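Below is one structure, written out as structure tokens; comments come after it.
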Amino acid sequence: MAMTQTEPNAKPAQTPPTDTAVLFNAQCPVCAFEIGHYEGYARKNALPIRFDDLNHEAASWGIDADQAARRLYVLHAGELVSGMPAFRVLWAQMPRYHWLARITAWPVVRPVTVFTYDRILAPVIYRWHKRRQARHS
């Protein structure tokens with residue numbers, strides 16, 4: 001079963017509890033494009049969000065790279081979340097995207113977004129990742 005619950009003990013030691021950190025796959029073209037956009041926005045607006053590439057930083061998060069490649073992880077206020085809850089936390093930290101955090105948290109919308117991410121998007125993107133790895137090994 002994929003982790004979507006909070007894991008307070010799984011956090012990088014160097015991240016202050018008030019900051020936000022994102023663990024993503026920089027080798028994935030889809031992930032790099034989307035998260036790269038958020039990273040640029042955060043940098044331009046001096047937001048306290050750190051972006052870590054799972055290919056170099058997963059171990060410091062207490063997550064193996066394969067597990068990290070399966071979904072987005074966000075650490076905020078000392079809590080680690082993954083999947084759609086992670087996107088909601090990330091969006092809530094960025095003024096331009098607050099509306100996405102709110103809409104995807106609506107009771108009717110939340111299960112649809114979680115299902116779509118957990119059962120369709122994340123598995124497809126992970127399979128692409130594994131194919132890319134196989135081609136390059």
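The values are calculated or read from the model by the stated rules, or taken from the named source; none is laboratory data. All values reported here derive from a predicted model rather than from experimental measurement. Glycine also receives a Cβ, built like all others from the backbone with ideal geometry; neighbour counts cover every protein chain displayed.
Residues in region 122-137 that are among the aliphatic types (A, V, I, L, M) and buried (at least 16 other Cβ atoms within 10 Å of the Cβ): Ala122, Ile125.
Taking the criterion of being within 14 Å of the chain's Cα centre (by Cα) and within 22 Å of Pro29 (Cα to Cα), would at least one residue in region 125-137 satisfy it? Yes, that holds for at least one residue. Listed by position, the helices (runs of 4 or more DSSP H) contained in region 16-73 that have at least 1 residues being farther than 23 Å from His129 by Cα are 29-44.
Note on region 97-126: residues that are in contact with a Phe, Trp or Tyr (Cβ under 8 Å, 6 or more places away or on another chain) and part of a loop (DSSP other than H, G, I, E, B) amount to 1. For region 85-96, the count of residues that are at pLDDT below 95 and not in a helix (DSSP H, G or I) is zero.
Residues in region 1-40 that are charged (D, E, K, R), modelled with pLDDT under 50 and out of contact with any helix residue (DSSP H, G or I) (no Cβ under 8 Å at 6 or more places or on another chain): Glu7 only.
Taken over region 101-110, residues that are free of Cβ contacts under 8 Å to residues at least 12 places away in the same chain and either buried (at least 16 other Cβ atoms within 10 Å of the Cβ) or touching a Gly at 6+ places or on another chain (Cβ under 9 Å) (or both) amount to 0. Residue pairs whose Cβ atoms lie under 8 Å apart, separated by 6 or more positions or on different chains, with the first residue in region 116-137 and within 16 Å of Phe87 (Cβ to Cβ) and the second of a type in the set (S, T, N, Q), are Asp118/Thr4. Of all residues in region 76-90, those that are within 16 Å of Arg102 (Cβ to Cβ) and touching a residue at least 12 places away in the same chain (Cβ under 8 Å) have Cβ atoms under 6 Å from Cβ atoms of residues that are in a helix (DSSP H, G or I) and of a type in the set (Ser, Thr, Tyr), 6 or more apart or on another chain, in Met84/Thr113; Met84/Tyr117.
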